[in-house]
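Student: Dropping a structure here in structure tokens format, bear with me for questions.
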Amino acid sequence: MSRLFAVTVCVLALSSNVLSGCGSSPSLPQPNSVGTSIRAESGPVAPRVRNLVYVSDQLQKAVLAFPAGERAKNPPPVQTLNLDVIPEGVWVDRNGVLYVGLFAQSPSQVAEVEEFRPGASSPFLTITKGIGEPSFLLVDQKGTLYVDQTHDLSVEVLEYPAGKTAPSTTLAITEKGEGVGGGMTVDAKGNLYIHTSFLDSEPSHVYRFAPGETTPQDLHLNGLGLTTGLTGDGSGNLYVSDAKGGISVYAAGQTSPSREILPPSNGYFDDFVATRGGKLYVAQGEGGSAASLLEYAAGGTQPVNVLSGYLQAPLVPALRAAAF
């Protein structure tokens, strides 16, 4: 099932790396491919930025980079990577490589995952084998790329070893009805977690794949609903979208939440990403709420910063920092 609805979809990813133009080098490469360009925003903040939040915006067909954890309220984007194709999943690995899942809008286009070096406007690697609807991406400590997508009635996760363009393993989850893949995260032991929803098997479920295993284990988490947001932090906590439209936080090994972050009255949370220390970034833009990116302090239940005015309806996050 495609994640394209009447609203626009955005994807965010957190990175502690910097793009060229935000670190030691003050300049960016010029566009060198048709329909793809990268722009450094003007202003004194860009060279000082250390942590960035990446947000893919389907309406703008772009990936925007915002400063993360800055004292400035509502900072503007420091860079924009313009694309010709709708971006879905996004990830940034420990080397600052940006991974973007692209959705085929017409028969003439091909769904793919593109990998960009820091500051680059053209991908150095493109993956098409096995790619259908690359809604969520994840890269682990070994550099293995995981692509979460819907295939027929199943949810499948394709594993691509570092630098390879063909999958080595396919993990599948099948229940009753058509499935929708969701967020993914990995813990310090290498366990892979994925949140899924099936039309005839409600509510949603969070599954765990142990390293090297292809059989999923249902965690039987309480209080889940229909959405499929998921992320994790360095302490092993899982942040899961719940039946109330908010985010329930589950300590490692627990099936009931230790706390909950409630959504606004006119919206719900489905897409978010956590840092290793538990800071949370939530993409918001559905249910009539304004398109924005909310920042929560570790353990907080109210946003400490709101990035608004630059996005056009966010959804779907993927993160880098919580994986390491």
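Student: Testing GLN141 on (1) surrounded by fewer than 20 Cβ atoms within 10 Å (Cβ to Cβ); (2) within 19 Å of ALA210 (Cβ to Cβ); (3) modelled with pLDDT of 90 or more, one condition comes back false. Which one is that?
Tutor: (3)
Student: Quick test for you: out of LEU125, LEU102, pick the one residue that is surrounded by fewer than 19 Cβ atoms within 10 Å (Cβ to Cβ) and modelled with pLDDT of 90 or more.
Tutor: Exactly one residue qualifies, and that residue is LEU125.
Student: Just need a number here: residues in the range 261-297 that are loosely packed, with under 13 Cβ neighbours inside 10 Å and at pLDDT 80 or above. Before the answer, list the steps.
Tutor: Taking the range 261-297 and keeping what is loosely packed, with under 13 Cβ neighbours inside 10 Å, we get 265-266, 288.
Of the ones still in play, those that are also at pLDDT 80 or above are none.
Number satisfying all stated conditions: 0.
Student: OK, next. Determine whether SER154 is surrounded by fewer than 23 Cβ atoms within 10 Å (Cβ to Cβ) and among the hydroxyl-bearing types (Ser, Thr, Tyr).
Tutor: Here the answer is yes, as SER154 does meet what is asked.
Student: Just to verify a result, which residue in the range 166-177, among those that are out of contact with any His (no Cβ under 9 Å at 6 or more places or on another chain) and either surrounded by 17 or more Cβ atoms within 10 Å (Cβ to Cβ) or among the small types (Gly, Ala, Ser) (or both), is modelled with the lowest pLDDT?
Tutor: Quick first cut of the range 166-177, residues out of contact with any His (no Cβ under 9 Å at 6 or more places or on another chain) only: 166-169, 171, 174, 176-177.
Retained after the next criterion (residues that are either surrounded by 17 or more Cβ atoms within 10 Å (Cβ to Cβ) or among the small types (Gly, Ala, Ser) (or both)): 166-168, 171, 177.
Details: ALA166: 97, PRO167: 97, SER168: 97, LEU171: 95, GLY177: 71.
Out of the qualifying residues, it is GLY177.
Student: To continue, here is another question. Taking the range 94-132 on its own, how many of its residues are part of a loop (DSSP other than H, G, I, E, B), within 19 Å of ASP152 (Cα to Cα) and touching a strand residue (DSSP E or B) at 6+ places or on another chain (Cβ under 7 Å)?
Tutor: Here the count works out to 6.
Student: Return yes or no: is VAL240 in contact with a Lys or Arg (Cβ under 6 Å, 6 or more places away or on another chain) and either of a type in the set (Val, Ile, Thr) or at negative phi (or both)?
Tutor: Details: in contact with a Lys or Arg (Cβ under 6 Å, 6 or more places away or on another chain): no; either of a type in the set (Val, Ile, Thr) or at negative phi (or both): yes.
In short, no.
Every residue, every condition in (1) closer than 13 Å to ASP148 by Cβ; (2) out of contact with any Asp or Glu (no Cβ under 8 Å at 6 or more places or on another chain); (3) touching a residue at least 60 places away in the same chain (Cβ under 8 Å); (4) buried (at least 21 other Cβ atoms within 10 Å of the Cβ), yes or no:
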{"position": "GLY179", "(1), (2), (3), (4)": "yes, yes, yes, yes"}
{"position": "ASP187", "(1), (2), (3), (4)": "no, yes, yes, no"}
{"position": "TYR193", "(1), (2), (3), (4)": "yes, no, no, yes"}
{"position": "SER204", "(1), (2), (3), (4)": "no, yes, no, yes"}
{"position": "GLY212", "(1), (2), (3), (4)": "no, yes, no, no"}
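Student: Here's something else I'd like to know. Do we have VAL306 as surrounded by 22 or more Cβ atoms within 10 Å (Cβ to Cβ) and either at pLDDT 85 or above or not in a loop (DSSP other than H, G, I, E, B) (or both) here?
Tutor: In short, no.
Student: If you don't mind, there's one more thing I want to ask. What number of residues within the range 224-235 satisfy the criterion of being without any contact (Cβ under 8 Å) to a residue 40 or more places away in the chain and either in contact with a Pro (Cβ under 6 Å, 6 or more places away or on another chain) or more than 22 Å from ASP200 (Cα to Cα) (or both)?
Tutor: Counting residues in the range 224-235 that are without any contact (Cβ under 8 Å) to a residue 40 or more places away in the chain and either in contact with a Pro (Cβ under 6 Å, 6 or more places away or on another chain) or more than 22 Å from ASP200 (Cα to Cα) (or both) gives 2.
Student: Provide a single number: the residues in the range 236-278 that are in contact (Cβ under 8 Å) with a residue 24 or more places away in the chain and in contact with a Pro (Cβ under 7 Å, 6 or more places away or on another chain).
Tutor: Residues in the range 236-278 being in contact (Cβ under 8 Å) with a residue 24 or more places away in the chain and in contact with a Pro (Cβ under 7 Å, 6 or more places away or on another chain): 8 in total.
To keep it simple, each residue is scored yes or no on (1) under 21 Å from ALA172 (Cα atoms); (2) over 21 Å from the mean Cα position of the chain (by Cα); (3) surrounded by fewer than 21 Cβ atoms within 10 Å (Cβ to Cβ).
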| position | (1), (2), (3) |
| --- | --- |
| GLN217 | yes, yes, yes |
| LEU226 | yes, no, yes |
| THR231 | yes, no, no |
| GLY236 | no, no, yes |
| ALA243 | no, no, yes |
| SER248 | no, no, no |
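Student: So which residues in the range 56-82 are crowded, with 19+ Cβ neighbours inside 10 Å and of a type in the set (A, V, I, L, M, F, W, C)?
Tutor: Selection gives ALA62, VAL63, LEU64, ALA65, PHE66, ALA68, VAL78, LEU81.
Student: Related question: Would a scan of the range 252-260 turn up a residue that is over 19 Å from TYR193 (Cα atoms) and modelled with pLDDT of 85 or more?
Tutor: Residues of the range 252-260 over 19 Å from TYR193 (Cα atoms): 259-260.
If we keep only those that are modelled with pLDDT of 85 or more too, we end up with 259-260.
Yes, there is a match, as at least one residue in the range 252-260 is over 19 Å from TYR193 (Cα atoms) and modelled with pLDDT of 85 or more.
The values are calculated or read from the model by the stated rules, or taken from the named source; none is laboratory data. Computed from a prediction, not measured in an experiment: that's the story for all the values here. As a convention, Cβ positions derive from the backbone with ideal geometry for all residues, glycine included, and neighbour counts pool all protein chains shown.
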